[in-house]
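**Student:** Take this structure, written in structure tokens, and hold onto it; I'll ask about it next.
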Amino acid sequence: MTDCVNEGDFIEIDIDLVNTGVLFGAKGEAEWEMNSDRVEFSVEIEDVPVGSYPLSVGGAEVGVIQAFEMHDGEVYGHIRFRDPEAHGREHLDFEPRGQKIEVLQGGITILEVDFPME
């Protein structure tokens, strides 16, 4: 990934996704983090029906979020990316900063945000 930080430094961008009005009550959040050892990007969604939700970054599908019902009845899903790769994380081989982030259901955008550069 581009950019570097000095040992001990940490950069984080955290932003709420905007509900497009297609799926009332749906919420989400996208987060990008960098330190001297790794870069991580994650997207979380909640208050959606149980199911699969493609994640698009800059118009390209980068993964699928699996939303499941938790023990308290709430529905939650997330996908996590990391460079370098690590167990439980997808490989972060794209740059989300400065891109449009979209969560889709049946080909229709339900949550979106223009992810900031910083």
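**Student:** When the residues of region 1-16 are narrowed to those that are part of a loop (DSSP other than H, G, I, E, B) and surrounded by 13 or more Cβ atoms within 10 Å (Cβ to Cβ), which ends up modelled with the highest pLDDT?
**Tutor:** Val5
**Student:** Taking the options Asn19, Asn35, name whichever one is modelled with pLDDT under 95 and surrounded by 11 or more Cβ atoms within 10 Å (Cβ to Cβ). Before the answer, list the steps.
**Tutor:** Values: Asn19 fails: modelled with pLDDT under 95.
Exactly one of Asn19, Asn35 is modelled with pLDDT under 95 and surrounded by 11 or more Cβ atoms within 10 Å (Cβ to Cβ), namely Asn35.
**Student:** Got at least one residue in region 47-54 being closer than 18 Å to Asp14 by Cα and not polar (S, T, N, Q)?
**Tutor:** Taking region 47-54 first, the residues closer than 18 Å to Asp14 by Cα are none.
No; the residues of region 47-54 include none that is closer than 18 Å to Asp14 by Cα and not polar (S, T, N, Q).
**Student:** Could we say that Glu40 is modelled with pLDDT of 95 or more, open to solvent by 30 Å² or more (accessible area, probe 1.4 Å), touching a Lys or Arg at 6+ places or on another chain (Cβ under 6 Å) and under 25 Å from Glu118 (Cα atoms) here?
**Tutor:** Values: modelled with pLDDT of 95 or more: yes; open to solvent by 30 Å² or more (accessible area, probe 1.4 Å): yes; touching a Lys or Arg at 6+ places or on another chain (Cβ under 6 Å): yes; under 25 Å from Glu118 (Cα atoms): yes.
Yes; evaluated as a whole, the condition is true for this residue.
**Student:** Evaluate region 90-101: report whether one residue or more is over 21 Å from Asn35 (Cβ atoms) and assigned to a strand (DSSP E or B).
**Tutor:** yes
The values are calculated or read from the model by the stated rules, or taken from the named source; none is laboratory data. Remember, it's a predicted structure, so these values are computed and weren't measured experimentally. We place every Cβ from the backbone using ideal geometry, glycine too, and count neighbours over all the protein chains shown. Side chains included, ligands, DNA and RNA excluded: accessible areas come from the protein's heavy atoms. Shrake-Rupley method; radii C 1.70, N 1.55, O 1.52, S 1.80 Å.
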